[in-house]
Amino acid sequence: MKTVCVILNYNDAKTVGRLVQGIRSYACLDRIVIVDNASTDNSWERLLMLQDEKVSVIRAGDNGGYGAGNNLGIRFAIKRFEAAYVLVCNPDVMFSEECVSQMVRIAKNHSDVGVVSAKMADSVYTDWKNGWPLRCFWGELLAMGPISRRIFNSVLNYPESYLSGKKAACVDVVHGSMVLINAKAFKECGGYDERIFLYQEEAVLARRMKNAGYRTVLVLNQEYEHQHGISIGKSVKNAVARQKMREDSVMYYFRHYLHIGKGKQLIAKIWFGLIRAETILGQMAKGLSGIQDT
């Protein structure tokens, strides 16, 4: 039962290379597949230099986004290398071999587990939860707001007692920066939604897995490091543009997965506008601070 690691690249070959060098020797990984998502720089040529008996490099015809790129890599891993489990990773993560081995053991021992992840150590967003419930429309709105998600933290997330003192726990949603996916479950649930370019992939995959009868497990005694923003910052550098992209993905999720009507769509647009205004003000403040520092 082979385990293959899939890494999606867009204009970030240096970060991908660092990750590959760190995990190339892991015995728990039978193969590493790098997907170049139609980069516009010299990534393709640089990634080909990493290719050997353990590392394969493939190229997407165009940049269809996070879901399309990862689906391409997962399907390649399943078809070419008969992967039973696929470890999907952002380039800007690092993890131990024991972490992956424990995730794989859980998946092998429980055939109804579709997704396994570990605790995420993020130096930027230290207060982020590692696993959370699938939320209703109102919950998703509150979770988007920097202030509202802190005020309503207790109703948006699992109570601390649910996760404390356990080696692993079943949750609805985990961060998508490093997840182990059961290949059988992937094929049954349809994988990532390729109509979403970026953001909201975690909730979509969670709903698809749950609807297909599969559980998601969070390993609590292992963690991986996520250097937040390194990869996404190179593909979408402007914070306001990233916020607009997030809004489009969340609205798509609301319409196609939560099936909201026009009234709630209007409420969501107003809420998005408030958050975007806060983002713009934050960028202006940073700019002023930069001027004062010089």
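The values are calculated or read from the model by the stated rules, or taken from the named source; none is laboratory data. Values in this document were obtained by computation on a predicted structure and should not be read as measured data. Methodologically, a virtual Cβ is constructed for each residue, glycine included, from the backbone with ideal geometry; neighbour enumeration extends over all protein chains shown. All accessible areas refer to the heavy atoms of the entire protein, side chains included, with ligands and DNA or RNA removed. Shrake-Rupley method; radii C 1.70, N 1.55, O 1.52, S 1.80 Å.
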Practice task
Answer with yes or no whether GLU278 is of a type in the set (Asp, Glu), more than 19 Å from the chain's Cα centre (by Cα), surrounded by fewer than 18 Cβ atoms within 10 Å (Cβ to Cβ) and modelled with pLDDT of 95 or more.
Solution key: no
Problem - All positions within the stretch 169-225 that are part of a strand (DSSP E or B) and either surrounded by fewer than 20 Cβ atoms within 10 Å (Cβ to Cβ) or touching a Pro at 6+ places or on another chain (Cβ under 9 Å) (or both) - result: ALA169, CYS170, VAL171, VAL173, ARG215, LEU220, ASN221, GLN222, GLU223, GLU225
Handout entry: Filter pass, TYR162 being hydroxyl-bearing (Ser, Thr, Tyr) and outside any helix (DSSP H, G or I)
Key = no
Exercise for the section: Enumerate the pairs (first residue in the stretch 156-168 and over 22 Å from ASN109 (Cβ atoms); second residue anywhere and open to solvent by 50 Å² or more (accessible area, probe 1.4 Å)) with beta-carbon separation below 6 Å, excluding pairs fewer than 6 apart on the same chain, so at least 6 apart or on different chains. Expected result: ASN157/LYS129
Completion exercise
Of ASP52, ASP112, ASP30, ASP62, the only residue that is of a type outside the set (Gly, Ala, Ser) and either in contact (Cβ under 8 Å) with a residue 60 or more places away in the chain or at positive phi (or both) is ASP112
Problem - Failed condition for ALA206, given (1) closer than 28 Å to MET103 by Cα; (2) among the hydrophobic types (A, V, I, L, M, F, W, C); (3) in contact with a helix residue (DSSP H, G or I) (Cβ under 7 Å, 6 or more places away or on another chain) - result: (3)
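Conditions (1) more than 16 Å from the chain's Cα centre (by Cα); (2) in a loop (DSSP other than H, G, I, E, B); (3) closer than 30 Å to ALA38 by Cα, marked per residue:
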{"position": "GLY64", "(1), (2), (3)": "no, yes, yes"}
{"position": "GLY69", "(1), (2), (3)": "no, no, yes"}
{"position": "ARG80", "(1), (2), (3)": "yes, no, yes"}
{"position": "CYS99", "(1), (2), (3)": "yes, no, no"}
{"position": "GLN102", "(1), (2), (3)": "yes, no, no"}
{"position": "MET120", "(1), (2), (3)": "no, no, yes"}
{"position": "ARG135", "(1), (2), (3)": "yes, yes, no"}
{"position": "ARG150", "(1), (2), (3)": "yes, no, no"}
Handout entry: Selection from the stretch 104-133 of residues that are closer than 20 Å to LEU220 by Cβ and open to solvent by 40 Å² or more (accessible area, probe 1.4 Å)
Key = ARG105, LYS108, ASN109, HIS110, ASP112, LYS119, SER123, TYR125, THR126, ASP127, TRP128, LYS129
Fill in the blank from the handout: Going through (1) touching a residue at least 40 places away in the same chain (Cβ under 8 Å); (2) closer than 26 Å to LEU220 by Cα; (3) of a type in the set (A, V, I, L, M, F, W, C) one by one, ALA68 fails only at (2)
Fill in the blank from the handout: Within the stretch 82-97, the count of residues that are of a type in the set (Gly, Ala, Ser) and either closer than 24 Å to ARG207 by Cβ or in a strand (DSSP E or B) (or both) comes to 2
Completion exercise
Output for Cβ contacts, cut-off 8 Å, separation at least six or different chains, first residue farther than 13 Å from SER111 by Cβ in the stretch 207-225, second open to solvent by 40 Å² or more (accessible area, probe 1.4 Å) and of a type in the set (Ser, Thr, Tyr), reads ARG207/TYR257; GLN222/SER96; TYR224/SER96
Exercise for the section: Give the residue that is farthest from GLN227 (Cα to Cα), with candidates limited to residues of the stretch 1-30 that are part of a strand (DSSP E or B) and open to solvent by less than 50 Å² (accessible area, probe 1.4 Å). Expected result: THR3
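Looking only at the stretch 31-56, count every residue that is open to solvent by 30 Å² or more (accessible area, probe 1.4 Å) and not in a loop (DSSP other than H, G, I, E, B) and tell me the total.
Looking only at that region, the number is 5.
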